[in-house]
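Visitor: Starting off with a structure, shown below.
The values are calculated or read from the model by the stated rules, or taken from the named source; none is laboratory data. All of these numbers come straight from a predicted model, not from anything done at the bench. Cβ placement follows ideal geometry from the backbone for every residue including glycine, while neighbour counts extend to all protein chains displayed. Remember, those area values only see protein heavy atoms, side chains included, never the ligands or the DNA or RNA. Shrake-Rupley method; radii C 1.70, N 1.55, O 1.52, S 1.80 Å.
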Amino acid sequence: MFDQLVSFSSGQLTYKAAIDNLNILDYDYYFRIVDDIIRGNMAAVLLAFDEILSHGFDAHHFLTGMSSHLRDLLMCKDEVTLPLLEVSPVVRDRYKSQAAACSAPWLLELLERTHQADLDFKSARHQRLHVEYNLMKLCSVGKTSSASAPVP
């Protein structure tokens, strides 16, 4: 696999080349989407999901990854649970930074909604719409008006 990665990346093996050639959904997507959910930027969230689908990723895989990302953010809310994260120190710092921008109850609500969306996914007739609808709902969790932010 390493030899194939090197040959497909013209001898310049980078992180980006590796995830592109292995077709791996990168952490960056989830960080970006959660940042946009925090801001309530529904359009950006939907465009990011469309980008993910256009790269050939499965919508159900995206949902399970989103739940995992939210779980990891919750693990960062307490120093005691930080060792439960199985990521590099650099990625752990990104999680800690993003987790600081929101409250544990807000993250729990998002995790509950993504978990339910995951459970309902297979029975949805229009699975893309199912995920998009749930992403739109995530953008409004904890908001009393369009200008309010999630509870810190």
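Visitor: If you go through segment 79-130 one residue at a time, how many are among the charged types (D, E, K, R) and either touching a Phe, Trp or Tyr at 6+ places or on another chain (Cβ under 8 Å) or on the phi > 0 side of the Ramachandran plot (or both)? Talk me through it step by step, then tell me what you get.
Guide: We begin by selecting, within segment 79-130, every residue among the charged types (D, E, K, R); these are 79, 86, 92-94, 96, 109, 112-113, 118, 120, 122, 125, 128.
Pick out the ones that are also either touching a Phe, Trp or Tyr at 6+ places or on another chain (Cβ under 8 Å) or on the phi > 0 side of the Ramachandran plot (or both) and you get 94.
Qualifying residue count, segment 79-130: 1.
Visitor: Need the failing condition index for residue 129 against (1) in a helix (DSSP H, G or I); (2) touching a residue at least 12 places away in the same chain (Cβ under 8 Å), just the number.
Guide: Here residue 129 meets the rest and fails (2).
Visitor: For residues that are at pLDDT 95 or above and either charged (D, E, K, R) or open to solvent by 10 Å² or more (accessible area, probe 1.4 Å) (or both), tally how many sit in segment 123-152. Can you show your working first?
Guide: From segment 123-152, those at pLDDT 95 or above are 123-139; that's our starting set.
If we keep only those that are either charged (D, E, K, R) or open to solvent by 10 Å² or more (accessible area, probe 1.4 Å) (or both) as well, we get 123-130, 132-134, 136-137.
Of the residues in that region, 13 qualify.
Visitor: Taking helices (runs of 4 or more DSSP H) that do not extend beyond segment 1-117, which have at least 2 residues that are among the hydrophobic types (A, V, I, L, M, F, W, C), open to solvent by 60 Å² or more (accessible area, probe 1.4 Å) and modelled with pLDDT of 95 or more?
Guide: Numbers: elements: 2-8, 15-22, 27-39, 42-54, 59-75, 89-99.
Fully inside segment 1-117 and qualifying: 42-54.
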